[in-house]
């Protein structure tokens, strides 16, 4: 043996202490698991409630945006048709206005409707 006169330790005799099989620990673990499960459901429910509120708010805002947009276009077309206060634009501009407005309103309405009423395969919470 070199500088150390002791033999290496016999690791075969070393063992870990037995795991406690205490009912209090098992009960505590189950209580903690139930608490985490309740918290998860509470957070999911809160998220769904916030999502419904946001959908209602933004659905109403987009609806009134579309109403204002269509009213403005209607006023422009009527002003051009009746030449109110000398207002007149070319027929190409009126056709473009009507076409783009129709496309924008239908597109925006479709996007909002898909968001407000999503189609899901799994309806379970």
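The values are calculated or read from the model by the stated rules, or taken from the named source; none is laboratory data. In this text the structure is predicted, and so the values were computed from the model without any measurement. All Cβ positions, even for glycine, are placed from backbone atoms using ideal geometry, and neighbour counts span all protein chains on display.
Does residue 112 satisfy the criteria of being surrounded by 13 or more Cβ atoms within 10 Å (Cβ to Cβ), modelled with pLDDT under 85 and assigned to a helix (DSSP H, G or I)? Considered against the rule, which asks whether it is surrounded by 13 or more Cβ atoms within 10 Å (Cβ to Cβ), modelled with pLDDT under 85 and assigned to a helix (DSSP H, G or I), residue 112 comes out as yes.
Just need a number here: residues in the range 74-102 that are in a helix (DSSP H, G or I) and free of Cβ contacts under 8 Å to residues at least 12 places away in the same chain.
At the first step, the residues of the range 74-102 found to be in a helix (DSSP H, G or I) are 74-82, 84-86, 91-102.
Subset that is free of Cβ contacts under 8 Å to residues at least 12 places away in the same chain: 74-75, 78-79, 81-82, 84-86, 91-93, 95-96, 99-100, 102.
The qualifying residues number 17.
From the list 71, 24, 54, the one residue that fits, being modelled with pLDDT of 90 or more and in a helix (DSSP H, G or I), is 71. When 44, 33 are checked against the criterion of being touching a residue at least 60 places away in the same chain (Cβ under 8 Å) and part of a helix (DSSP H, G or I), 44 stands alone in meeting it.
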